[in-house]
1. Test L112 against the criterion of being among the aliphatic types (A, V, I, L, M), outside any loop (DSSP other than H, G, I, E, B), modelled with pLDDT of 95 or more and assigned by TED's automatic domain parsing to the domain that holds H11, and give yes or no.
2. Got a sec? Which helices (runs of 4 or more DSSP H) wholly within the stretch 194-284 have at least 3 residues that are more than 22 Å from T181 (Cα to Cα)?
3. Just to be sure before I move on: is A57 crowded, with 20+ Cβ neighbours inside 10 Å, part of a helix (DSSP H, G or I), more than 19 Å from the chain's Cα centre (by Cα) and in contact (Cβ under 8 Å) with a residue 12 or more places away in the chain in the structure I sent?
4. Can you pull out the residues in the stretch 411-423 that are under 17 Å from L455 (Cβ atoms) and either surrounded by fewer than 24 Cβ atoms within 10 Å (Cβ to Cβ) or in contact with an Asp or Glu (Cβ under 6 Å, 6 or more places away or on another chain) (or both)?
5. Could you go through the stretch 142-150 and let me know if any residue there is touching a residue at least 60 places away in the same chain (Cβ under 8 Å) and part of a loop (DSSP other than H, G, I, E, B).
6. How many of the residues in the stretch 60-73 are assigned to a strand (DSSP E or B) and either of a type in the set (S, T, N, Q) or farther than 16 Å from Y84 by Cα (or both)?
7. When you go through D180, D174, D96 one by one, which is the residue that is in contact with an Asp or Glu (Cβ under 7 Å, 6 or more places away or on another chain) and not polar (S, T, N, Q)?
8. If you go through the stretch 15-36, how many residues are assigned to a helix (DSSP H, G or I) and either of a type in the set (G, A, S) or closer than 22 Å to L448 by Cβ (or both)?
Amino acid sequence: MTDTVEHLRAHRDRHLEELKDFVRIPSVSAKSEHRADVKAAAEWVAERMLEAGLQTAELQPTDGHPIVLGEWRGAQNAPTLLVYGHYDVQPPEPLDEWSSPPFEPTIRDGKLFARGSVDDKGQLFLYLKAIEAHISARGKLPVNIVLLVEGEEEVGSPHLESFLVENRERLACDAVLISDTGMFAPGLPSITRGLRGLAYLEVTVRGPRSDLHSGSYGGAVVNPANALARIIAQLHDDAGRITIPGFYDDVVELSDAERQRIAELPHEEEELRTEVGAPQLDGEQGFSALERVWVRPTLDVNGLLAGYTGEGAKTVLPGRAMAKVSMRLVPNQSHRDIEEKFTRYVQSLAPGGVTIEIEPLHGGEPWYADPQHPIFESAARALEKAFGRPPVFIREGGSIPIVQALQETLEAPVVLIGFALPGANAHAPDEWFSLDNFARGAEAITNLLDEAASLPASR
């Protein structure tokens with residue numbers, strides 16, 4: 001056992017209490033009423049950076065929520081690693097589906113339950129403790145470190161890309177590390193080599209200038225809710241394929257070799273069905289559930305609103321109906337191209353008697369890595385030391401919009417090492433972080449800082 005790992009184990013209880021303090025801050029970036037909370041979370045991160053031993057920690061203002069930038073540059077002739085994470089969290093609703101309050105951390109069954117516990121406060125926190133372990137035990141880090149922590153990941157990182165471009169020289173690095181993904185299974189460490197992109201839009205269908213009496217006007221006036229339902233029903237065919245013209249034009253088809261690698265992973269579709277509590281699984285025909293989630297594009301309705309939704313009956317013909325729609329994208333698709341194709345197609349489906357408004361809310365490009373750079377070998381060794389077995393390389397169905405921009409702008413490889421477990425409920429009620437992964441993840445990151453010290457320094 002190394003001296004740094006000894007430090008982690010000796011201070012694990014304190015570290016857990018600190019993480020509880022972090023997740024108590026309701027840093028919901030999507031809601032303006034939490035603006036002060038988001039800033040408080042940024043300040044908390046900056047303070048913990050300095051406590052861990054970083055030389056500097058600054059809040060960088062944006063037109064939205066601040067970016068926290070921390071640096072330690074005392075390792076001469078050593079490589080520089082940039083760590084990206086985010087301190088903002090998803091809204092906790094629906095609140096009545098939480099077993100305990102979302103911002104009051106609770107431990108049950110070896111798990112820490114709280115909003116942000118795994119996405120991404122808990123995983124970001126591992127880096128702060130790994131840095132602390134090295135500086136406390138040895139007085140220094142084996143590599144140079146830049147911590148780039150934003151407060152707008154959950155709303156599409158609207159200001160981060162311009163920050164990267166404007167600060168390219170300051171952020172120059174040999175590799176980028178991100179822990180905002182998951183492990184394929186308990187005890188099976190994983191390195192993510194691909195993420196889907198995202199196009200997220202809001203569709204509003206307007207009819208009469210206000211809600212109407214459905215008895216007096218129903219049958220004479222087009223109902224926006226009915227119109228929206230018909231539009232949505234036409235977005236997929238009976239085989240589960242998306243019907244938007246040109247939607248699949250740029251999709252890279254899976255090779256037989258990659259399909260085989262996915263099929264060899266320890267995965268049972270019945271276990272997935274049981275995990276999510278669905279009567280059955282379904283989706284695009286001709287692909288397994290893992291393939292549909294990892295490497296096929298999808299279109300889903302994320303929210304619907306129309307008419308009267310309160311208790312009891314109210315016979316209205318609504319004046320408007322709204323749907324929030326997200327499309328997960330795969331390599332070579334562009335979210336802006338898909339937004340345009342979606343908009344044209346939905347407008348073409350609108351019946352007479354209503355108007356359609358479509359507003360893009362946020363998006364990001366898909367990302368794929370070819371893990372040939374030595375940093376991937378360093379990460380694999382670090383994970384094997386912490387978990388006792390070599391990692392598997394996986395893809396992830398979710399999106400981290402800024403990953404592609406990080407790779408392109410900084411011209412450095414990006415390594416995604418996640419510690420969330422299947423069913424951890426990121427973005428859902430009862431989000432949780434495995435306490436075993438909290439411990440092993442911190443040790444893996446601590447190991448990785450040592451392993452990465454042998455990389456060639458180009459900066």
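1. Criteria met by L112.
2. 214-217, 224-233, 256-263
3. No; evaluated as a whole, the condition is false for this residue.
4. E411, A412, P413
5. The answer is yes; a qualifying residue exists.
6. 1
7. Values: D174 fails: in contact with an Asp or Glu (Cβ under 7 Å, 6 or more places away or on another chain); D96 fails: in contact with an Asp or Glu (Cβ under 7 Å, 6 or more places away or on another chain).
Checking each option against the conditions leaves just D180.
8. The qualifying residues number 7.
The values are calculated or read from the model by the stated rules, or taken from the named source; none is laboratory data. If you're wondering where the values come from, they're calculated on a predicted model, not measured in any experiment. Neighbour counts are summed over all protein chains in view; Cβ atoms, including those assigned to glycine, are modelled from backbone coordinates with ideal geometry.
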